[in-house]
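What follows is a short report on a single structure.
The values are calculated or read from the model by the stated rules, or taken from the named source; none is laboratory data. What you are looking at is a predicted structure, and each value in this text was computed from that prediction instead of being measured. Here the Cβ positions follow ideal geometry from the backbone for every residue, glycine too, while neighbour counts run over all protein chains shown.
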Amino acid sequence: MQTITFIVVIVLVILVVNSIIKGTNLNGIPPTEYTPPVAISPGATILEMLESLDMTQAELAEWMRCPSNVVNEIIQGEREITIETAIALERVIGRPANFWLNLEENYTRRQYTSVQEMVDAISDPEFAEEFRRYQRRPLVRLQRWFDWCKYWVIRHTAGSTTGEGSI
């Protein structure tokens, strides 16, 4: 009985080591990288955790030893999570600092990728001109450009499923 158990353990270890070396799961299928369709801000994650901890933004700011407007700006998506903020969040909420930094990096990358996908996918001269106009403006106005892009996509694709063309 012990011999069979030993053989089973050895076989499992060999399968796991083999899958790690090949970069696949135990079925031999390579893992796929999941990219969510929308960018989820770190602030939304913090807000959910605050609700589950029954904590207010002011209390979080007090525990983090930072001004309450910093926490509010992070939750609103107006401020990035810095290394110092990530360490303070780790100390208060308990999630590792690299969790918060990775969340911020993925959020920023996804937003950039969304803009690049829109620019690459659309070759309309009006869109290109609007993009050039907004490229010269400060990043604070980026939200207005995102809103314009959404409007443009809706305006130019509204009737395409029915064959009626654009609005």
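Would you confirm, using the coordinates I've provided, whether Ala86 is part of a helix (DSSP H, G or I), exposed (fewer than 12 other Cβ atoms within 10 Å of the Cβ) and modelled with pLDDT of 90 or more?
Values: part of a helix (DSSP H, G or I): yes; exposed (fewer than 12 other Cβ atoms within 10 Å of the Cβ): no; modelled with pLDDT of 90 or more: yes.
It is false that Ala86 is part of a helix (DSSP H, G or I), exposed (fewer than 12 other Cβ atoms within 10 Å of the Cβ) and modelled with pLDDT of 90 or more.
Of everything in the range 56-94, what is touching a Ser or Thr at 6+ places or on another chain (Cβ under 9 Å) and basic (Lys, Arg)? Give them in sequence order.
Within the range 56-94, Arg79 is the sole residue that qualifies.
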